[in-house]
1. Please report Rg (one decimal) and Dmax (integer) in Å for the Cα set of region 347-459.
2. Out of the GluC sites (Glu not before Pro) in region 407-481, which ones are loop residues according to DSSP with at most 12 other C-beta atoms within 10 Å?
3. Order these by the 10 Å Cβ neighbour count, fewest first: Lys304, Lys427.
4. Taking Cα atoms, how many degrees apart are the long axis of helix 30-47 and the longest axis of the chain, rounded to 10 and kept between 0 and 90?
5. Quick check: pseudo-label points 7 Å beyond the Cα along Cα→Cβ at Asn350 and Glu288, how many nm apart are they?
6. Over the Cα atoms of region 223-317, what Rg and Dmax result, in angstrom?
7. At 7 Å along the Cα-to-beta-carbon direction for both Lys112 and Asp303, put a label point, then send me their distance in nm to one decimal.
8. Which net charge results for the neighbourhood of Glu238, defined as the other residues with beta-carbon distances under 13 angstrom from its beta-carbon, given Lys and Arg at +1 and Asp and Glu at -1?
Amino acid sequence: MKKVIAMWLVFVMAVGLAGCGGSGAPAQDASSAGEETAAAVSETKEESAGAVEAASEAAEPAATSEAAAEAVDLAAQPDNSVTISIQLALSNFALEFDQIVEAYKKDHPWIKDIEYNFPASAANEDLLVAALSAGELPDIITTAYGASFAQWFPYCVDMSDTYAYTQMTDAQIANGTIDPYGTIVMPIYEEGTGILYNLRLLEEAGWDHTPQTRDELLQLCKDLTDAGITPFMHQWAEVYLNLYLWTGGTWTGAKENGGVDLINSMLAGEDADLANDPDWNAFLDTYEQILIPYAQENAIATDKWTCRNAFFMEECAMLVGEGSFEVPNILNTNPDLLNYVEQSYLPIYNEPEKNRLQTDTMCASVTDSGDPVRTAAAKDFLSWFISSEEAGKWHQEVMGSPTSIVTLPTSEKLPCLAVDVIELMQKGQNCQAIYVYIPSVLSTDLGNCWARFVAGQDDRETFTKAYEEVFKNYADGFYTG
């Protein structure tokens, strides 16, 4: 374990966000990251338009409080005088976050309360728009390095005066620095998404390893079925999560720069010719040959908790589109499963070295409330949450996730799924989930394309054309209202 973790620290410090693990793609420098994302802010804020701009007009604009916040002496504030609010699209935090609140309040007496909400990812944007419209944007919100949350960057404050900033790698600083706002996107932890396997059930079907290729995955499904074991429970009612966010970008994983260049060209209106793209077709082969034929009845109407609980209670052998973040749910449902569960990629190629685990750096930012004391308190909490040893232990042992700050000590109790993620990253078999580079305004239409395909409403050709059409419409200004 210690050797694995030591290699992990070297790995994280050596690579940036963009591109695949092991690709050697350099991290963006701060200036280019700022220029590119500032352009994304301009575009995405327009296109997200509708909602965010209307909400901005309805809300009373906050006074710029960042400069004042820098001068705030929090220790001089009266006890129990400050309340901050948090909204992170991390529903897995909900059951355990009271531990963090109590730990922070213990040594920060000015905090009266930390109000928190951890909605499902699909609901997060609508809740933020409603909060902005009411003039009550949470003090800490989910963001990401790419364009998916760019419409919220103008409301965020610089974090370069915090302790957490001093502990970040050059790549993390570069990726989180957004011109003209400063370093606003702060990394919390890493998570991996692919397939969770129940090794005990695989062994019952005669398997002593997880599939490394698409053909092996197909054979495993046949062997599990012959053994009377349900291969999958698919949660395709979760269109945004499972069909767009978690698996929908897998086809770009082995491409140069992790598919970022291709996605950017499609957003610019260039013809990707997906009908002849080998990676796109390998992905659709996986759906047509394996995932759809071995799906449970009415998978398109099955929600995530039905599928998760079926896997946790060992009623199926695999859970697709889930990952290391399920540790607390497993601990609360069937702790023994952690003795024989394994995380791996969704194999879409028959060349094992091309398959990639989707990985994602979960990030957050502090918004400008207009109250310098509140803003300073939110910055202090987020910095502590990211970089303190106490919070790092919680991220690792309770939530089962490798922390993003590599100077933090690594727990000997790091759960197996987090170790699986680390090992795949060390091998270069990971790639940043592509959704962070796609403007969020496209997520509904892209998700609906996937939903029609897995439901059998659209064939492969129709699906491919519809998917490309979303990007072409974006380039033509369709989403700017």
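1. Cα-based Rg and Dmax for region 347-459 come out at 19.1, 56 Å.
2. Working: sites: Glu412, Glu423, Glu461, Glu468, Glu469; in loops: Glu412.
Answer in residue order: Glu412.
3. Values: Lys304 20, Lys427 13.
Fewest to most other Cβ atoms nearby, the residues stand as Lys427, Lys304.
4. 80 degrees
5. About 1.5 nm separates the two model spin labels.
6. Looking at region 223-317, its Cα Rg and Dmax stand at 16.0, 49 Å.
7. With each label point 7 Å from Cα toward Cβ, the separation is 3.5 nm.
8. Details: positive: Lys304, Arg308; negative: Asp303, Glu322.
Summing Lys and Arg as +1 and Asp and Glu as -1 gives 0.
Read-outs throughout are calculated quantities, based only on the coordinates presented, and are distinct from any laboratory measurement. These numbers come from a predicted model, not from an experiment. Glycine also receives a Cβ, built like all others from the backbone with ideal geometry; neighbour counts cover every protein chain displayed.
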